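Engineer: Quick one: this structure, given as structure tokens, is what I'll be asking you about.
The values are calculated or read from the model by the stated rules, or taken from the named source; none is laboratory data. Remember, predicted model here, so these are calculated numbers, not experimental data. Please note: Cβ atoms are built from the backbone with ideal geometry, for glycine as well, and neighbour counts cover all protein chains shown.
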Amino acid sequence: MNENELELVRRQIQLTFDEIQYLIRMLYSTKDYHTKNLTLNQLWNKVSLLHFLTNMLDQQQISSTVTPTLPQPSQPAPPSHMNQTTPQTVPQNLPTITREQLANATGRNGNPAYVAVGGIVYDVTNNKAWSAASHFGLPAGKDLTAEFASCHAGQQWILSTLKPVGRLV
Amino acid sequence: MKKRVVINPLTRISGFMEIDVMLEQNKIIEVKTTGSIFRGFEQMMVGRSPFDAIYLTQRICGICSTAHSVASSLALEDALGVQVTALGRYLRDALHCCEFLQNHIRHTYQYTIPDYVKLPDVSSIFKVDHGDFRLPQKVNEQLANHYFESLRMSRLAHQMLAVIGGKAPHNHGVFVGGISTPPNADQIVRMKSILQTITAFIEEKMVPDVYLIAKYYDDYFHMGKGPGNLMSYGAFDRYKDLGTLYVDPLV
Amino acid sequence: MIDPHHVLPPEDMSNEAIVRRLTEQANVRIQNGQLKKKKLVWLELTGCSGNIISLMNGFNPNLEYMLTLMVDLVYSNSLMAAEGEEAIERLMSVLDEEFILAVEGAVATKNNGLYNVIGRWRGKPFTALQAAKMLGEKASHVIAVGACAVDGGPSAAKPNLAECVGLSDIVKRPMIKLPGCPCHPDWFLGTLAHLLMNGVPELDNMDRPLLFYSTLIHDRCPRRPFFDKGIFAKTLGEPTCLFKLGCRGPVTRVDCPTRKWDGYVNWPIGASTCIGCSQFGFPDKMGPFISYDITRE
């Protein structure tokens, strides 16, 4: 894929996120059984599309050098039954990142903001939930596996919205 | 014969207070006042980012929150060695003045007037079993109307604050070096327009109302006088061009 | 009569208009005798008493309207004419009647609640803890107003010497939660109007009315285009996205950007960063409020 095609995929992802958000809001506001079912179906379709698109991007990133992340689009909360269904698709040949390197990636003084969960290091520099490289009192540059497990139990999907940049060694 | 009188809650203040008075032959011989809330804001600041103080200390008090943000930003300027420009100081003080207006209007009408004026029977909140009401009916009626009118005025004072402060109470405008975002002409003229309405109310109604009450309760001037030692930190004082507009320190 | 949920153009669809319609509708029913003016108790507990100040800042409806036409306010430390024992007796008198309870401030629990005494009853200190339990159990509806009442808020900030907790930790019953520091007058008065007319409004899974708390600040922020393009402010006062300075708009769910404050003239992000005051965990989990070392290169 060239840069234009990549941009197209990214834009498509952004659009899909927006649509998902819209559909979720719809789910909240409607009481009609049929509309609800229809909306749920649409949500499923959008989620598969998203899965396809992110896979495409991941494959691309293996062959290209690491580029700085674009701002992350909004993360929607998924319907509850979706939690178990997303197997992690972390690319296999990520560079290794030491604990010292991770500790330096605090997001401060020009450094990127990294956090580790389950042995994978993710870039949250421009992730919207990480204003000023902190998230609900937690700073970047740390292994937050335990914190993730306690606050986002059953929400593994969140990890798939983050950009993996390395393996923690 | 000693008699003890305890008033708790002392209502119509922002917070909680108890007054404990000991009387002997209708003379007060001892008074204790107790503030009955403790949260420990000083300890909350320990280990926190210094800038957070400007926002967090405002939560000490809902009616005077801006004063706490101003005090915090002054302390930070002192600690960081920041020199404030004359303009920065004017803007921050203008914001603080809006809080003064709000605070004084609400203290006068919502917090004090119900001790002197019988308010209409529109809500249980205005019912009171005993009191020292002396105003003639017509004057009483007039002041009761002003009680309701004043609600709009104090609201406008907070609106004026929010024009550059973002919101009130607990503003986002006060910051180290003055204020966070410089105002534009549109905002300045909006504030001036609101100020005109409030000024008219204060000059035509609020100040005369206070004199009116003073006339009927002139014996209160001789009751409960303190030692007369008053300390001032100063406020809106010693401007380069305008001098002192309100009060100098150490008066 | 116009149903406030289903109006068609040219009816005004703005947030203020919806609140106004809800309150007007409630008023019509009160005057028709369809509704009796319900009693409202406003308890100030461990906090800054800033939510009642904020309530006085309501424009449409305003406090005068609420006092005279919506409910019969029986108790409010900041406003009531009575004081001392007489005030507390008024408070106790509602226990035998039907009343709505609005609580601002957290509940200080240390030393059996003695860190916050709100009055004296039968010669003994009457604590915020006692008041919360006693009135919370008897009220027909409970509304937790502001960050402190919802989950401890600033009163429970580290190290929380008074051991403050949110109302729901003390009173185990369904309640409506209106986080915010302070709570916007429209959020309270709109909820109250809904309660009077149509019962409890639809709540999300954290007991907040969807009417006000269904959108993320970030998704309605006028500075959003800058975020999407990756243009970030390095100092306050720049018109671009404040994300790198620590803005908590991306994690805070409330209608602040479209509603605005104090007669709808401005809002926090119009002046500085959002500090997440309407988010659970404020202030400890929303800090630092402003950081300058993120954009330093």
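Engineer: Of everything in the range C:271-295, what is hydrophobic (A, V, I, L, M, F, W, C) and either more than 7 Å from chain B (Cβ to nearest Cβ) or in contact with an Asp or Glu (Cβ under 7 Å, 6 or more places away or on another chain) (or both)? Give them in sequence order.
Structural biologist: C:Cys274, C:Cys277, C:Phe280, C:Phe282, C:Met286, C:Phe289, C:Ile294
Engineer: Name the residues in the range B:113-132 that are assigned to a loop (DSSP other than H, G, I, E, B), closer than 18 Å to B:Tyr216 by Cβ and either at pLDDT 95 or above or more than 7 Å from chain C (Cβ to nearest Cβ) (or both), would you?
Structural biologist: B:Tyr116, B:Val117, B:Lys118, B:Leu119, B:His130, B:Gly131, B:Asp132
Engineer: Additional query: Go over the candidates B:Ser49, B:Ser65 one by one and state the one that is without any contact (Cβ under 8 Å) to a residue 12 or more places away in the chain, among the small types (Gly, Ala, Ser) and in contact with a Gly (Cβ under 7 Å, 6 or more places away or on another chain).
Structural biologist: Numbers: B:Ser65 fails: without any contact (Cβ under 8 Å) to a residue 12 or more places away in the chain.
The match here is B:Ser49.
Engineer: If you go through the range C:40-89, how many residues are more than 7 Å from chain B (Cβ to nearest Cβ), of a type in the set (D, E, K, R) and either over 25 Å from C:Lys110 (Cα atoms) or in a loop (DSSP other than H, G, I, E, B) (or both)?
Structural biologist: 1
Engineer: List, please: which pairs have Cβ atoms under 7 Å, are six or more places apart or on different chains, and start with a residue in the range C:115-140 that is closer than 16 Å to C:Arg90 by Cβ and end with one that is at pLDDT below 95 and charged (D, E, K, R)?
Structural biologist: C:Arg120/C:Glu85
Engineer: Write out, first by first residue and then by second, each pair whose Cβ atoms fall under 7 Å of each other, whose residues are 6+ apart or on separate chains, and whose first residue, in the range B:150-178, is more than 7 Å from chain C (Cβ to nearest Cβ) while the second is of a type in the set (Phe, Trp, Tyr) and not in a strand (DSSP E or B).
Structural biologist: B:Ser150/B:Tyr109; B:Met153/B:Phe201
Engineer: Among the residues of the range C:19-27, are any of a type in the set (Asp, Glu), surrounded by fewer than 20 Cβ atoms within 10 Å (Cβ to Cβ) and at the interface with chain B (Cβ under 8 Å from one of its Cβ atoms)? Give the derivation first.
Structural biologist: Taking the range C:19-27 and keeping what is of a type in the set (Asp, Glu), we get C:24.
Among the residues that remain, those that are also surrounded by fewer than 20 Cβ atoms within 10 Å (Cβ to Cβ) are: C:24.
Filter once more, so that each one left must be at the interface with chain B (Cβ under 8 Å from one of its Cβ atoms): none.
Among the residues of the range C:19-27, not one is of a type in the set (Asp, Glu), surrounded by fewer than 20 Cβ atoms within 10 Å (Cβ to Cβ) and at the interface with chain B (Cβ under 8 Å from one of its Cβ atoms), which makes the answer no.
Engineer: Cβ contacts < 9 Å: first residue assigned by TED's automatic domain parsing to the domain that holds B:Leu91 and more than 10 Å from B:Val163 (Cα to Cα), restricted to the range B:182-205; second residue of a type outside the set (Ser, Thr, Tyr) and assigned to a loop (DSSP other than H, G, I, E, B), any location; separation 6+ or different chain. Result?
Structural biologist: Within 9 Å, the pairs are B:Pro182/C:Gly237.
Engineer: Let me ask something else about it. Would you pick out the residues in the range C:234-274 that are modelled with pLDDT under 95 and either part of a strand (DSSP E or B) or among the aliphatic types (A, V, I, L, M) (or both)?
Structural biologist: C:Leu236
Engineer: Just to verify a result, which residue in the range C:225-244, among those that are of a type outside the set (A, V, I, L, M, F, W, C) and at the interface with chain A (Cβ under 10 Å from one of its Cβ atoms), is nearest to C:Phe282 (Cα to Cα)?
Structural biologist: C:Lys244
Engineer: If we keep just the residues of the range A:8-30 that are of a type in the set (S, T, N, Q) and either touching a Lys or Arg at 6+ places or on another chain (Cβ under 7 Å) or closer than 14 Å to A:Lys46 by Cα (or both), which is surrounded by the fewest Cβ atoms within 10 Å (Cβ to Cβ)?
Structural biologist: The residue in question is A:Thr30.
Engineer: Got a sec? Which of A:Val47, A:Val66, A:Val90 is at pLDDT 80 or above, surrounded by 11 or more Cβ atoms within 10 Å (Cβ to Cβ) and aliphatic (A, V, I, L, M)?
Structural biologist: Only one candidate qualifies: A:Val47.
Engineer: Next question. Of all the residues that make up the range C:98-144, how many are of a type in the set (Ser, Thr, Tyr) and either surrounded by fewer than 24 Cβ atoms within 10 Å (Cβ to Cβ) or over 21 Å from B:Arg12 (Cα atoms) (or both)?
Structural biologist: Final tally of qualifying residues: 2.
Engineer: Going through A:Gly119, A:Gly110, A:Gly137 one at a time, which residue ends up being loosely packed, with under 14 Cβ neighbours inside 10 Å and within 14 Å of another protein chain (Cβ to nearest Cβ)?
Structural biologist: Details: A:Gly119 fails: within 14 Å of another protein chain (Cβ to nearest Cβ); A:Gly137 fails: loosely packed, with under 14 Cβ neighbours inside 10 Å.
One residue alone meets the criteria, A:Gly110.
Engineer: Let me ask another. Regarding B:Phe100, is this residue modelled with pLDDT of 95 or more, part of a helix (DSSP H, G or I), among the aromatic types (Phe, Trp, Tyr) and farther than 18 Å from C:Ala81 by Cα?
Structural biologist: Yes.
Engineer: Out of the range A:104-131, which residues are closer than 16 Å to A:Glu147 by Cβ and of a type in the set (A, V, I, L, M, F, W, C)?
Structural biologist: A:Ala113, A:Val115, A:Ala116, A:Val117, A:Ile120, A:Val121, A:Val124, A:Ala129, A:Trp130
Engineer: Looking only at the range C:184-224, filter to residues that are free of Cβ contacts under 8 Å to residues at least 12 places away in the same chain and on the phi < 0 side of the Ramachandran plot; which one of those is farthest from the other protein chains (Cβ to nearest Cβ)?
Structural biologist: C:Asn198
Engineer: Going by the structure shown, is C:Gly123 away from chain B (no Cβ under 14 Å) and over 10 Å from the mean Cα position of the chain (by Cα)?
Structural biologist: In short, no.
Engineer: Another question about this same structure. If we scan the range C:174-183, do we find a residue that is in contact (Cβ under 8 Å) with a residue 40 or more places away in the chain, buried (at least 17 other Cβ atoms within 10 Å of the Cβ) and within 8 Å of another protein chain (Cβ to nearest Cβ)?
Structural biologist: Yes, the range C:174-183 contains a residue that is in contact (Cβ under 8 Å) with a residue 40 or more places away in the chain, buried (at least 17 other Cβ atoms within 10 Å of the Cβ) and within 8 Å of another protein chain (Cβ to nearest Cβ).
Engineer: For the range C:273-290, does any single residue satisfy the condition of being surrounded by fewer than 23 Cβ atoms within 10 Å (Cβ to Cβ), over 25 Å from B:Gln187 (Cα atoms), more than 17 Å from the chain's Cα centre (by Cα) and of a type in the set (Phe, Trp, Tyr)?
Structural biologist: Checking the range C:273-290: not a single residue is surrounded by fewer than 23 Cβ atoms within 10 Å (Cβ to Cβ), over 25 Å from B:Gln187 (Cα atoms), more than 17 Å from the chain's Cα centre (by Cα) and of a type in the set (Phe, Trp, Tyr).
Here's the yes/no breakdown for (1) in contact with a helix residue (DSSP H, G or I) (Cβ under 6 Å, 6 or more places away or on another chain); (2) more than 13 Å from C:His184 (Cα to Cα):
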| site | (1), (2) |
| --- | --- |
| C:Thr258 | yes, no |
| C:Cys274 | yes, yes |
| C:Phe282 | yes, yes |
| C:Asp293 | no, yes |
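Engineer: Do we have C:Cys247 as within 14 Å of chain B (Cβ to nearest Cβ), out of contact with any Gly (no Cβ under 7 Å at 6 or more places or on another chain), in contact (Cβ under 8 Å) with a residue 12 or more places away in the chain and closer than 16 Å to B:Ser49 by Cα here?
Structural biologist: When the stated conditions are applied, C:Cys247 passes them.
Engineer: Would you say B:Pro114 is surrounded by fewer than 22 Cβ atoms within 10 Å (Cβ to Cβ), farther than 21 Å from B:Leu245 by Cβ and in contact with a helix residue (DSSP H, G or I) (Cβ under 9 Å, 6 or more places away or on another chain)?
Structural biologist: Working: surrounded by fewer than 22 Cβ atoms within 10 Å (Cβ to Cβ): no; farther than 21 Å from B:Leu245 by Cβ: yes; in contact with a helix residue (DSSP H, G or I) (Cβ under 9 Å, 6 or more places away or on another chain): yes.
No.
Engineer: Have a look at C:Thr127, C:Thr109, C:Thr68 and point out the one that is under 20 Å from B:Ile125 (Cβ atoms) and in the same structural domain as C:Arg208 (by TED's automatic domain parsing).
Structural biologist: Details: C:Thr127 fails: under 20 Å from B:Ile125 (Cβ atoms); C:Thr109 fails: under 20 Å from B:Ile125 (Cβ atoms).
Only one candidate passes the filter, namely C:Thr68.
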